[in-house]
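Student: There's a structure below that I have some questions on.
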Amino acid sequence: MLEHLTVVRHPLVQHKLTLMRDRETSTNSFRTLLREISQLLAYEITREMEMTTRQIETPLCAMQAPVIDGKKLALISILRAGNGLLDGVLELIPAARVGFVGLYRDPETLQPVQYYYKVPSELENRLVIALDPMLATGNSSAAAVDLLKKSGARNIRFMCLLAAPEGVARMKAAHPDVPIVTAALDECLNDHGYIVPGLGDAGDRMFGTK
Ligand code: URA
């Protein structure tokens with residue numbers, strides 16, 4: 001079983017993350033680094049997938065060889081920054097099904113409001129990996145996981161690049177059954193809900209917007 005929180009402390013992940021945090025890193029490099037880290041996080045988050053065996057013939061003999069069991073997994077990008085993780089993971093797991101969840105924060109109620117939702121069929125029979133680089137307050141992440149559970153998902157994991165303690169606590173309270181895999185657990189949120197030390201606005205940095 002994956003722990004509720006896994007911080008991937010591998011030197012390659014940590015080195016690339018430092019480059020991403022640096023304000024001088026270009027948009028292009030930021031995107032490339034995010035793609036690379038997403039694949040290293042995917043390696044970790046797909047540990048313990050169910051396996052079966054298949055009979056194959058090597059050039060020398062027949063063997064029962066291991067293959068992943070079950071229906072194709074589902075990758076769910078939480079818009080828009082989730083798309084920065086999606087590309088790399090999809091490269092590693094090209095047969096995955098893909099869904100999108102769009103949420104914005106109502107300025108009055110501060111609650112997440114859904115503006116887009118399209119997910120693969122039969123989520124109940126798939127490993128579902130929700131993707132969002134920044135687990136900050138955890139409000140939109142928890143709301144996105146609520147929606148996935150309403151669609152039937154039962155085996156969900158959450159991948160992010162950075163997590164704030166506040167977001168981890170929010171997710172643990174709302175979804176203790178959803179393991180989180182991240183590259184770092186940062187110190188706190190600032191008054192604007194940004195992760196500190198963080199890397200700024202992940203969407204702006206990957207898409208070159210402001
Ligand atoms: N979203 C971001 O893009 N950055 C943060 O620091 C927090 C939320």
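The values are calculated or read from the model by the stated rules, or taken from the named source; none is laboratory data. If you're wondering where the values come from, they're calculated on a predicted model, not measured in any experiment. FYI the Cβ positions are ideal-geometry reconstructions off the backbone, even for glycines, and counts take in every protein chain you see. The protein model used for the area step is the full one, side chains on, heavy atoms only, and it has no ligands, DNA or RNA in it. Shrake-Rupley method; radii C 1.70, N 1.55, O 1.52, S 1.80 Å.
Student: List residues of segment 145-176, by number, whose backbone nitrogen lies under 20 Å from a label position 7 Å along Cα→C-beta of residue 125.
Tutor: Within reach of a label on residue 125: 148-157.
Student: Please list the non-local residues whose amide H lies under 5 Å from the amide H of residue 6, H modeled 1.01 Å from N, same-chain partners needing a gap of 5 or more.
Tutor: Close amide H contacts, sequence-distant or interchain: 180, 181, 182.
Student: Oh, and also: Express the carbon and sulfur contribution to the solvent-accessible surface of segment 166-207 as a percent, rounded to the nearest whole number, probe 1.4 angstrom. Each step should come with its number before you reach the end.
Tutor: Values: 1030 of 1910 Å².
The computed percentage sits at 54.
Student: If eta is 0.890 mPa s and T is 25 °C, what Stokes-Einstein diffusion coefficient results for segment 88-210, Kirkwood Rh from Cα pairs, in µm²/s? Could the numbers behind the result be given before it?
Tutor: Values: Rh = 15.2 Å.
In µm²/s, the coefficient is 161.
Student: Say each of residue 69 and residue 22 gets a label point 7 Å from the Cα, pointing the same way as Cα to Cβ; how far apart are those two points in nm?
Tutor: So the label points at residue 69 and residue 22 sit 4.6 nm apart.
Student: Give the dimensionless ratio obtained when the Cα radius of gyration of the chain is divided by 2.2 N^0.38 Å.
Tutor: So the Cα radius of gyration is 1.05 times the expected 2.2 N^0.38 Å.
Student: Here is a follow-up. To the nearest Å, what is the center-to-center distance of segment 1-75 and segment 133-180, using C-alpha atoms only?
Tutor: 19
Student: Also, quick follow-up: May I ask which of 16/149; 71/172; 118/172; 16/150 have a Cα-Cα span longer than 31 Å here? It would help to have the intermediate numbers written out before the result.
Tutor: Numbers: 16/149 33 Å; 71/172 27 Å; 118/172 25 Å; 16/150 36 Å.
Result: 16/149; 16/150 exceed 31 Å.
Student: In square angstrom, what is the accessible area per residue of the chain with a 1.4 angstrom probe? Please report the intermediate quantities before stating the final value.
Tutor: Values: 11180 Å² over 210 residues.
On a per-residue basis, 53 Å².
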